[in-house]
Amino acid sequence: MRRRWITAAAIGLAGMLALAACGGGGDSSGDGGQGGAARKRVEVFSWWTGPGEADGLKAMRQIFERQNPNYTFFDAAVAGGSGDQARALLASKLQANQPPDTFQGHAGAELQGYIKAGKLEPLDFLYDELKLREVFPEQLVEQITVDDHIYSVPVNIHRSNVLWYNPGVLKEAGVSGPPKTIEEFIGALEKVKQTGKIPLSIGSQWTQVHLLESVLLGTLGTERYNALWTASADWSSSDITKALENFKTIMSYAGTPQEDWQPAAKQVADGEAAFNVMGDWVYGYFVNPPDGGLGKTAKQDFDWAPAPGTDGTFMWLSDSFTLPKGAPNRDGAIAWLKVAASKEGQDAFNPLKGSIPARKDADKSLYKDYLAYSLEQWASNRLAGSIQHGVVANDAWRSAINDAVGLFLQDQDVAKLQQALVDAAKNSGQ
């Protein structure tokens with residue numbers, strides 16, 4: 001039976017729409033500043049500004065402009081965070097009824113607020129025309145379907161539940177390999193602590209919510225974790241208590257919080273820390289040349305494994321593009337969505353971004369090392385959705401979870417954290 005997202009109130013979007021409108025910058029002429037009146041501008045709004053992702057976007061842009069000579073691509077990317085600043089600016093544009101032609105969003109529950117507010121067109125027609133239900137994995141199609149409609153085109157797949165580790169630090173601590181269970185993980189953290197190295201590196205608060213989702217999955221198992229996002233979920237149960245106690249214990253081994261995920265991951269690559277739980281965008285950061293990455297060597301300077309307790313489950317998130325209602329250049333937006341959905345577009349974008357395609361027919365020869373491993377895992381694992389990256393929780397719910405974790409980081413009170421999570425689920429609309 002097809003899984004459907006539970007319809008959620010658009011509280012998160014309403015709060016974001018209350019933000020004061022602010023200007024987007026860039027050329028506002030119809031030809032993208034190129035002086036050619038015959039070329040219509042297509043505004044593509046994203047948060048892809050960093051090394052790798054910006055290169056991937058450029059590669060898709062080249063395909064788009066080659067296939068669509070009457071259109072010119074207008075890059076409306078906004079830097080900052082994991083898309084938070086971009087979403088705030090987007091909310092102001094939508095409030096002012098000035099949508100971009102298409103915008104990036106995390107596939108899944110993150111888009112529910114926009115859908116309920118009537119801001120997005122369904123893309124069923126595009127899925128039918130391009131036969132996308134046949135080339136995207138069935139589980140993915142099920143998990144992005146809202147009330148029997150699909151509103152986004154997934155461009156890629158990232159994995160959230162990855163344990164990055166430094167083999168040399170583990171060897172020095174007498175840890176034979178990456179821990180497979182939560183209990184083994186806690187034991188390994190203690191061994192590393194005895195060496196004087198940082199057992200677990202962490203970044204800003206959102207990275208700690210990212211850690212929590214893997215601890216929940218590793219403690220509860222896939223079926224129980226996925227059940228948390230249904231109407232019958234029980235956040236007050238004893239197994240949730242156990243998971244939160246595990247989170248508290250694991251966090252007790254964390255080093256000083258870094259500004260964001262990059263400096264926290266760098267501590268592992270540089271041999272200052274043993275472990276870091278973060279999404280697989282870390283791989284590109286580690287191996288890219290020093291002008292944008294660290295220039296490290298896989299299996300030597302760093303290695304990876306599923307987060308403890310989660311082997312066999314791929315906790316996924318996906319960058320996708322949408323079709324806003326009232327898009328100034330609707331036909332141009334659809335042309336962009338066709339490139340984003342295509343095998344050519346996804347194979348051009350993902351090797352540079354450090355992610356894998358959503359499509360099942362990728363050219364596997366393009367995906368090396370970690371990405372080859374990820375493709376195999378994506379094809380064979382069960383799926384669970386990320387909390388922090390918009391798959392299972394709408395924006396209001398995700399924000400409430402972040403607030404609860406923020407308070408917990410101050411008082412370390414598991415009972416208060418659990419009650420806050422119970423309240424967040426109750427108020428989410430599920």
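The values are calculated or read from the model by the stated rules, or taken from the named source; none is laboratory data. Computed from a predicted model, the values in this text were never measured in an experiment. Using ideal geometry, Cβ is built from the backbone for each residue, glycine included, and neighbour counts are taken over all protein chains shown.
Look at the range 175-200 and say how many of its residues are assigned to a helix (DSSP H, G or I) and either touching a helix residue (DSSP H, G or I) at 6+ places or on another chain (Cβ under 8 Å) or not basic (Lys, Arg) (or both).
Final tally of qualifying residues: 13.
When you scan the range 365-400, how many residues do you find that are assigned to a loop (DSSP other than H, G, I, E, B) and within 30 Å of GLN85 (Cα to Cα)?
Total satisfying the criteria: 9.
Filter the range 300-327 down to residues that are closer than 30 Å to THR222 by Cβ and among the aliphatic types (A, V, I, L, M) and give me whichever is surrounded by the most Cβ atoms within 10 Å (Cβ to Cβ).
Applying the filter and picking the extreme gives MET315.
Residues that are outside the structural domain of ASP361 (by TED's automatic domain parsing) and out of contact with any helix residue (DSSP H, G or I) (no Cβ under 8 Å at 6 or more places or on another chain), at least 3 per element: which helices (runs of 4 or more DSSP H) completely within the range 99-174 meet that?
Ranges flagged: 167-173.
Identify all residues within the range 42-60 that are outside any loop (DSSP other than H, G, I, E, B), surrounded by 21 or more Cβ atoms within 10 Å (Cβ to Cβ) and not small (Gly, Ala, Ser); write none if there are none.
Within the range 42-60, VAL42, GLU43, VAL44, PHE45, GLU53, LEU57, MET60 qualify.
When you scan the range 318-357, how many residues do you find that are in a strand (DSSP E or B) and modelled with pLDDT of 95 or more?
5
Restricting attention to the range 196-214, and to residues there that are in contact with a strand residue (DSSP E or B) (Cβ under 6 Å, 6 or more places away or on another chain) and hydroxyl-bearing (Ser, Thr, Tyr), which single residue is nearest to GLU172 (Cα to Cα)?
The qualifying residue nearest to GLU172 (Cα to Cα) is SER201.
Could you check the range 288-314 and list, in sequence order, the residues that are of a type in the set (Ser, Thr, Tyr) and outside any strand (DSSP E or B)?
Scanning the range 288-314 gives THR297, THR310.
How many residues does the range 44-61 contain that are out of contact with any helix residue (DSSP H, G or I) (no Cβ under 8 Å at 6 or more places or on another chain) and of a type outside the set (A, V, I, L, M, F, W, C)?
4
Is there any pair linking a residue in the range 328-356 that is in the same structural domain as GLY105 (by TED's automatic domain parsing) and crowded, with 19+ Cβ neighbours inside 10 Å to one that is part of a helix (DSSP H, G or I) and charged (D, E, K, R), with Cβ under 7 Å and at least six apart or on different chains, and which?
Close Cβ pairs (under 7 Å, with a partner that is part of a helix (DSSP H, G or I) and charged (D, E, K, R)) amount to LEU352/ASP55; LYS353/GLU53.
Got a sec? Which of GLU213, GLU223 is under 17 Å from ASN402 (Cβ atoms) and under 23 Å from the mean Cα position of the chain (by Cα)?
GLU213
For the range 186-232: of the residues being of a type in the set (D, E, K, R) and closer than 23 Å to ASP270 by Cα, which is surrounded by the most Cβ atoms within 10 Å (Cβ to Cβ)?
Out of the qualifying residues, it is LYS197.
Only one of these conditions is not met by HIS149: (1) out of contact with any Asp or Glu (no Cβ under 7 Å at 6 or more places or on another chain); (2) farther than 27 Å from ALA54 by Cα; (3) without any contact (Cβ under 8 Å) to a residue 40 or more places away in the chain. Which number is it?
Status for HIS149: all satisfied but (1).
Does the range 155-162 contain at least one residue that is within 30 Å of THR297 (Cα to Cα) and out of contact with any Asp or Glu (no Cβ under 7 Å at 6 or more places or on another chain)?
Taking every residue of the range 155-162 in turn, at least one turns out to be within 30 Å of THR297 (Cα to Cα) and out of contact with any Asp or Glu (no Cβ under 7 Å at 6 or more places or on another chain).
Would you check which residues across the range 79-97 are more than 23 Å from MET315 (Cα to Cα) and in contact (Cβ under 8 Å) with a residue 40 or more places away in the chain and list them?
Hits for the range 79-97 are ALA86, ALA88, LEU89, LEU90, ALA91, SER92, LYS93, LEU94, GLN95, ALA96, ASN97.
Out of (1) surrounded by 14 or more Cβ atoms within 10 Å (Cβ to Cβ); (2) assigned by TED's automatic domain parsing to the domain that holds LEU217, the odd one out for ALA415 is which?
Here ALA415 meets the rest and fails (1).
Based on what the data block shows, is ASN276 under 30 Å from THR49 (Cβ atoms), modelled with pLDDT of 95 or more, buried (at least 19 other Cβ atoms within 10 Å of the Cβ) and outside the structural domain of ILE356 (by TED's automatic domain parsing)?
yes
For the range 215-240, which positions are out of contact with any Phe, Trp or Tyr (no Cβ under 9 Å at 6 or more places or on another chain), touching a residue at least 60 places away in the same chain (Cβ under 8 Å) and closer than 14 Å to SER428 by Cβ?
THR230, ALA231, ALA233, TRP235
Assess whether LEU200 counts as being closer than 29 Å to ASP395 by Cα and not small (Gly, Ala, Ser).
yes
Since PHE73 meets every condition but one in (1) buried (at least 17 other Cβ atoms within 10 Å of the Cβ); (2) part of a helix (DSSP H, G or I); (3) touching a strand residue (DSSP E or B) at 6+ places or on another chain (Cβ under 9 Å), which condition does it not meet?
All conditions pass for PHE73, except number (2).
Kindly indicate which of GLU134, GLU183 is surrounded by fewer than 23 Cβ atoms within 10 Å (Cβ to Cβ), free of Cβ contacts under 8 Å to residues at least 12 places away in the same chain and either among the aliphatic types (A, V, I, L, M) or under 17 Å from PRO308 (Cβ atoms) (or both).
Within the list GLU134, GLU183, the selection yields GLU183.
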